[in-house]
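Q: Below is the structure I would like to discuss, written out as structure tokens.
The values are calculated or read from the model by the stated rules, or taken from the named source; none is laboratory data. Since this is a predicted model, take the numbers as computed values, not measurements. Don't worry about glycine lacking a Cβ; one is built from the backbone with ideal geometry, like all the others, and counts go over all protein chains shown.
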């Protein structure tokens, strides 16, 4: 098994084990704050197609479903996370088991692709962005929010605590990766003490 497959397997096991208690954790208010900020940056319209990669238990999709009649999709590598998401969402979203380096969707399908606090788990970030670019319609948007702390020693501690962690990226690193993989960066900002947001448009 190669390095990337090992990371995928580690992440799947970690999140399968966490799924039953994930919604009880103290990070939930923080996650809700980040997800709400992402949704505030969406120009929601009925019948848009929106994909959340690393959707977990489905909270951001639930939030969007209350605000629009968009066609919602969620992808996660954890079957147990998807089971919990399905209980919340019912028929409001189509949920799929899969991983970001091989997205099971048609080219030019989505108006928005979102990812919240998952990017640091992706084994190959450039391949992930190439896949996202393929499934987005031209001139449509990707919004990625991910962890970023002010101090490097906290980065190291976080990596030790969370199995499957690959890397915490800076704003400059996100900008360069977006530019290298077919996106124009429209906006970057810090969200609180622990996260950064990058918004890109498919060229």
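Q: Can you give me the number of residues within region 188-201 that are at pLDDT 95 or above and crowded, with 18+ Cβ neighbours inside 10 Å?
A: Summing the residues that are at pLDDT 95 or above and crowded, with 18+ Cβ neighbours inside 10 Å in region 188-201 gives 5.
Q: Could I ask something else about it? Give the residue, chosen from 71, 66, that is modelled with pLDDT of 95 or more and in contact with a strand residue (DSSP E or B) (Cβ under 7 Å, 6 or more places away or on another chain).
A: Of the residues listed, the single one that is modelled with pLDDT of 95 or more and in contact with a strand residue (DSSP E or B) (Cβ under 7 Å, 6 or more places away or on another chain) is 71.
Q: Name every residue in region 29-55 that is in contact with a helix residue (DSSP H, G or I) (Cβ under 8 Å, 6 or more places away or on another chain) and either exposed (fewer than 13 other Cβ atoms within 10 Å of the Cβ) or free of Cβ contacts under 8 Å to residues at least 60 places away in the same chain (or both), in order of residue number.
A: 32, 36, 39, 44, 55
Q: Let me ask something additional. Would you mind stating whether residue 58 is in contact with a helix residue (DSSP H, G or I) (Cβ under 6 Å, 6 or more places away or on another chain), within 23 Å of residue 5 (Cβ to Cβ) and modelled with pLDDT of 95 or more?
A: So residue 58 does not fit the description; no.
Q: Scan region 92-109 and give yes if some residue there is out of contact with any strand residue (DSSP E or B) (no Cβ under 9 Å at 6 or more places or on another chain) and either more than 22 Å from residue 183 (Cα to Cα) or in contact (Cβ under 8 Å) with a residue 40 or more places away in the chain (or both), otherwise no.
A: yes
Q: If you take the residues of region 2-12 that are surrounded by fewer than 14 Cβ atoms within 10 Å (Cβ to Cβ) and assigned to a helix (DSSP H, G or I), which of them is modelled with the highest pLDDT?
A: The qualifying residue modelled with the highest pLDDT is 9.
Okay, residues lined up against (1) in a helix (DSSP H, G or I); (2) in contact with a helix residue (DSSP H, G or I) (Cβ under 8 Å, 6 or more places away or on another chain); (3) modelled with pLDDT under 95; (4) farther than 25 Å from residue 6 by Cα:
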position: 137; (1), (2), (3), (4): no, no, no, yes
position: 142; (1), (2), (3), (4): no, yes, no, yes
position: 149; (1), (2), (3), (4): no, yes, yes, yes
position: 158; (1), (2), (3), (4): yes, no, yes, no
position: 174; (1), (2), (3), (4): yes, no, no, no
position: 186; (1), (2), (3), (4): no, no, no, yes
